[in-house]
């Protein structure tokens, strides 16, 4: 300890190469140690890698604290300090530079040590909601993801880097969760930690993942633009409280010779300064110029069921899907009340769309049903819609043969089984014989 304090002295310059080199090595190790320790603590508490800037700040702060402490000791012990000599200033700047370079190294080493340490004690992925008791070994539920992760149909694919990161990963959750609760936590974990938009997963009763498919959520305003509508960016003066979804009228500014004129109605989709993105009818898009300025008249708010539904749909696990019922599939004859998803509409073959059908309406062959449900439920419905129903005639034939054989069997009194005689009634009314133990 005394040797270290002797080496970390104030007023060191490069005129003393050995002392300067030793101090720089100690400062480098101290910076890496501080950044690594912070990384391990951050990994344990937040279950993620500490930002590089914070790690560098911790390493530089540790070195600066030591330099200031050494300088304060020199002031107390000697009454003076040479901090502002050019040689001392240059050395301190180099020391801070070395600590800045070594902090990312300590951050990387700390992350490796922290990940390996938590893996050794059986908690490689800690759930933020776990208590201290739950984090102990044997008090968690481990869910292993498959190595083969599929892409969800009708959704944008997830990047290969994300799927490679998920493949074979083991996630840890608290014990005593139902299968449904475990599934909900798994889906939320994949969405929050890995940026996955949609998750289709099959979990067994013991928490094993049999199937996993992921999809990304479409970004931008394109997916929310209705058919026949386009988005146009114009220069305008929107009200200070205008926001996305407000209905406006677009007016020209006019001049001395021409009064202002109403051009079209539109919906605000985005505001950035004096640039406004509007959703207008495709036929009215040619009326707007990207170089002209316009005035916007904000209209009273009106209920927009479609926008509200789209907003809610983007924030829940359920998704919209269409299922075409095969002519001889298992879904033929089923009703909206018998499926797990919500049936929003049915389009019969060659017929018009029927919104919100009655729960007792049976599905027919070639019907197209519009459902709202979890991706795994929609996938199961698609499988049923393409799976042929069992042959009912064959089952009836087998049952008839068994019935015929039963009718040919006679009772002990010589009558047929289907016939009830007085002797049969007496036999049914008589109590069963009791077998006595020989020891009695």
Pairs needed: first member in segment 275-297, without any contact (Cβ under 8 Å) to a residue 40 or more places away in the chain; second member anywhere, outside any loop (DSSP other than H, G, I, E, B) and surrounded by 13 or more Cβ atoms within 10 Å (Cβ to Cβ); C-beta distance under 6 Å; at least 6 residues apart or different chains. 284/264; 287/263; 287/264
Please find, within segment 372-392, the residue that is nearest to residue 320 (Cα to Cα) out of those that are loosely packed, with under 11 Cβ neighbours inside 10 Å and modelled with pLDDT of 55 or more. 390
2 or more residues within 19 Å of the chain's Cα centre (by Cα): qualifying strands (runs of 3 or more DSSP E) within segment 151-236: 170-174, 198-203, 209-215
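Say whether the condition of being modelled with pLDDT under 75, part of a strand (DSSP E or B) and within 17 Å of residue 44 (Cβ to Cβ) is met by at least one residue in segment 123-145. If you could, list the steps in order and put the result at the bottom.
We begin by selecting, within segment 123-145, every residue modelled with pLDDT under 75; these are 123-140.
Imposing the further condition that a residue be part of a strand (DSSP E or B) reduces the set to 140.
So of that shortlist, the ones also within 17 Å of residue 44 (Cβ to Cβ) come out as 140.
For segment 123-145, residues modelled with pLDDT under 75, part of a strand (DSSP E or B) and within 17 Å of residue 44 (Cβ to Cβ): present.
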Filter result for residue 340 (part of a loop (DSSP other than H, G, I, E, B), closer than 23 Å to residue 211 by Cβ and either at pLDDT 90 or above or touching a strand residue (DSSP E or B) at 6+ places or on another chain (Cβ under 7 Å) (or both)): yes
What tally of residues in segment 166-192 results from selecting those that are within 15 Å of residue 216 (Cα to Cα) and either modelled with pLDDT of 85 or more or surrounded by 15 or more Cβ atoms within 10 Å (Cβ to Cβ) (or both)? 6
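The values are calculated or read from the model by the stated rules, or taken from the named source; none is laboratory data. What you see is a predicted model, and the numbers here were worked out from it, not measured in a lab. In this analysis, Cβ positions are derived from the backbone assuming ideal geometry, glycine residues included, and neighbour counts consider all displayed protein chains.
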